[in-house]
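Presented below is the structure to which this report refers.
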Amino acid sequence: MPEARQSTAPSPPSQSASPNGAAWIPHGFQFHPHSHTDGQLVYAAAGAVATTTERGTWVAPAHRVTWTPPGFVHSHRFYGSTDARLVTVPADLCDELVARPSVFAVSPLLREALLALSDRAETRPGAERRLLAVVIDELAETPEQSLHLPEPRDDRLRAATDLLHAAPGRSATLADLARAAGASERTLSRLCHSELGMSFHRWRTTLRIHHALAQLSNGRSVTDTAMECGWSNPSSFIEAFSELVGQTPGRYQAELRNRRP
């Protein structure tokens, strides 16, 4: 993995395979769009990583791992001080995993295997391949837990979602956004289901959770994060966060503190 810097990194070579590796990445660090001939697993042992492709953005906090198959142009952005672990999956093994970018839960066994693959050099011939087989077996048995934020193609819906990307805490209703986008509320609602595969409310909640993960990873309090991301009170934020992330924001921050060097 390239050495982390405070500014954004130059684009990695297109279609190149990335070796296994580990690095502490500062908050806000980015890898510009690139692709690989092999598959790639990125695990944030602490912190969080967002992976963006033309199909949208996936966020993986510290108990999930992102998967990007070969050939997908993607970028990464890191939130909080991130213990980033990169594991390359050779192209001949990629058919055993899903053929689209995704996020998976990290079991204790999967975590230890990812840490071992990214921490140490191979000392016995074939050892790395055997350990990688364990990773693939674990992923094949693990349900996807994608905090996926799909992006629309329709210009009217994109105009509305762009407004929310710029201000996730914005309290505008779907009717307000429809007027700003030059469409009817019914049209935007239909487009949300047909293009995003979810309701407007679900999409905006997911967007806000993405933003909340970034704020919490950077040390913001739960209350301040809730207010900034558009929740009227911390309780409703905690409920939504727990549903999508699988743990409360307080526990998420506590685990981040415990994992930092």
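Going through PRO125, PRO152 one at a time, which residue ends up being open to solvent by less than 40 Å² (accessible area, probe 1.4 Å) and in a loop (DSSP other than H, G, I, E, B)?
Within the list PRO125, PRO152, the selection yields PRO152.
When the criteria are applied in full, GLU112 fails the requirement of being closer than 27 Å to ALA50 by Cβ, at pLDDT below 90 and acidic (Asp, Glu).
I need the full set of residues from region 216-229 which are surrounded by fewer than 21 Cβ atoms within 10 Å (Cβ to Cβ) and either under 19 Å from THR161 (Cα atoms) or out of contact with any strand residue (DSSP E or B) (no Cβ under 7 Å at 6 or more places or on another chain) (or both), in order please. Once the filter is applied, which keeps residues that are surrounded by fewer than 21 Cβ atoms within 10 Å (Cβ to Cβ) and either under 19 Å from THR161 (Cα atoms) or out of contact with any strand residue (DSSP E or B) (no Cβ under 7 Å at 6 or more places or on another chain) (or both), region 216-229 yields GLY219, ARG220, SER221, VAL222, THR223, ASP224, MET227, GLU228. Among the residues of region 139-159, those identified as more than 17 Å from GLY246 (Cβ to Cβ) and charged (D, E, K, R) are GLU141, GLU151, ARG153, ASP154, ASP155, ARG156, ARG158. Taken over region 99-135, the criterion of being closer than 12 Å to GLN40 by Cα and touching an Asp or Glu at 6+ places or on another chain (Cβ under 8 Å) is satisfied by SER102, VAL103.
Considered as a group, the residues in region 41-63 that are polar (S, T, N, Q) and either assigned to a loop (DSSP other than H, G, I, E, B) or open to solvent by 10 Å² or more (accessible area, probe 1.4 Å) (or both) include one that is farthest from ALA214 (Cα to Cα), and that residue is THR53. Applying the set (1) closer than 20 Å to LEU139 by Cα; (2) open to solvent by 10 Å² or more (accessible area, probe 1.4 Å); (3) within 11 Å of the chain's Cα centre (by Cα); (4) not acidic (Asp, Glu) to SER75 leaves exactly one unmet item: (1).
Selection within region 2-41: residues that are at pLDDT below 90 and among the hydroxyl-bearing types (Ser, Thr, Tyr). The member of this set that is farthest from VAL89 (Cα to Cα) is SER7. Do the conditions hold for SER221, that is, is it over 17 Å from the mean Cα position of the chain (by Cα) and closer than 29 Å to ALA84 by Cβ? Yes, satisfied. The listed residues are ARG170, ARG179, ARG130, and the only one of them that is within 27 Å of VAL103 (Cβ to Cβ), at pLDDT 90 or above, part of a helix (DSSP H, G or I) and open to solvent by 90 Å² or more (accessible area, probe 1.4 Å) turns out to be ARG130. Of all positions in region 240-256, at least one carries a residue that is assigned to a loop (DSSP other than H, G, I, E, B), of a type outside the set (Asp, Glu) and open to solvent by 40 Å² or more (accessible area, probe 1.4 Å).
The values are calculated or read from the model by the stated rules, or taken from the named source; none is laboratory data. Please read these numbers as outputs of a predicted model, since none were measured by experiment. Cβ sites come from the backbone with ideal geometry, for glycine too, and all protein chains shown count toward neighbours. SASA here: full protein model, heavy atoms, side chains in, ligands and nucleic acids out. Shrake-Rupley method; radii C 1.70, N 1.55, O 1.52, S 1.80 Å.
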